[in-house]
Amino acid sequence: PAEDTILSVNNIEVIYNHVILVLKGVSLTVPRGGIVALLGANGAGKTTTLKAVSNLLHAERGEVTKGSIVFEGKQVEALTPNELVRQGCIQVMEGRHCFGHLTIQENLLTGAFTRRDGNAAIKQDLEMVYDYFPRLRERRASQAGYTSGGEQQMTAIGRALMSRPKMILLDEPSMGLAPQLQEEIFEIVRKLNEQEGVSFLLAEQNTNIALRYATYGYILESGRIVLDGVASELRENEDVKEFYLGVG
Ligand code: ATP
């Protein structure tokens, strides 16, 4: 039922530079409180799908030319990225995108830019972020550009949390991180989901880890969803094993 769905992407087509058709009718649904994985090889269209939702395609000369995107029951294609953040949906970009010359704490505070509820609430949320990421508390005065990849990924997620999102679009959280750090990041995703009720749509090339933490998965190939299902079932699917899990 619609009231249990936080995000639905309905048959969207995305074209870059007026000619390059990259998404050829993608549909997916994120249930409220769900963790949904969008899987696929490099270039399949995962980032494009997330950016279509958060309306970040214009900067890359991309546009949604068909279909609709509904967040919290409202069509959102016409919203700016910041308006969407105010509605409760925020993207954490691939490659983390911290401000290298700012401290970790300053980076986190930039995430509160859409809020109008005053400093006390923002300070309280900063503490909440530090409770989830004790390492960021320790390193809060360090310049982000000099921290590790894991710390930057934590900072990027922490920054998104400062907008008090209902939903986070998380692009390749595991990228470039050692396996143990990947687990740490995904454990925090799970905790945020369970304790704060944040819904997640996460794009991952690392099918293995994504399907261990997600509840549901979609597999994208050349701009089309070719398979979707409950995560535990996808993990047992022969094609997924052979082509995406490296076993078979
Ligand atoms: P990655 O793991 O690299 O992020 P992805 O699955 O997220 O892969 P996208 O980044 O969405 O894939 O790219 C999908 C396709 O769109 C690729 O073929 C890519 O070359 C193309 N593409 C992406 N951005 C642009 C752009 N600005 N202009 C033209 N083509 C683009």
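The values are calculated or read from the model by the stated rules, or taken from the named source; none is laboratory data. Worth saying up front: this structure is predicted, and the values here are computed from it rather than measured. For neighbour counting, all protein chains shown are included, and Cβ atoms are generated from backbone atoms with ideal geometry for every residue, glycine included. For accessibility, only protein heavy atoms count, side chains too; no ligands or nucleic acids. Shrake-Rupley method; radii C 1.70, N 1.55, O 1.52, S 1.80 Å.
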Matching entry among 115, 96, 86 (being open to solvent by less than 70 Å² (accessible area, probe 1.4 Å) and more than 16 Å from the ligand (Cβ to nearest atom)): 115
Of (1) within 25 Å of residue 71 (Cβ to Cβ); (2) surrounded by 21 or more Cβ atoms within 10 Å (Cβ to Cβ); (3) touching a Lys or Arg at 6+ places or on another chain (Cβ under 7 Å), residue 104 fails just (1)
Here are some residues: 36, 70, 30. Which one is within 16 Å of residue 170 (Cα to Cα), modelled with pLDDT of 95 or more, away from the ligand (no atom under 16 Å from the Cβ) and surrounded by 13 or more Cβ atoms within 10 Å (Cβ to Cβ)? 30
Total residues in segment 17-27, condition open to solvent by 40 Å² or more (accessible area, probe 1.4 Å) and part of a strand (DSSP E or B): 4
The listed residue being farther than 20 Å from residue 28 by Cβ, in contact with a helix residue (DSSP H, G or I) (Cβ under 8 Å, 6 or more places away or on another chain) and hydrophobic (A, V, I, L, M, F, W, C), out of 157, 219: 157
Subset of segment 118-127 [crowded, with 16+ Cβ neighbours inside 10 Å and more than 17 Å from residue 152 (Cα to Cα)]: 122, 125
Exclusive hit being basic (Lys, Arg), touching a Ser or Thr at 6+ places or on another chain (Cβ under 6 Å) and within 18 Å of residue 198 (Cβ to Cβ), set 86, 159, 115: 86
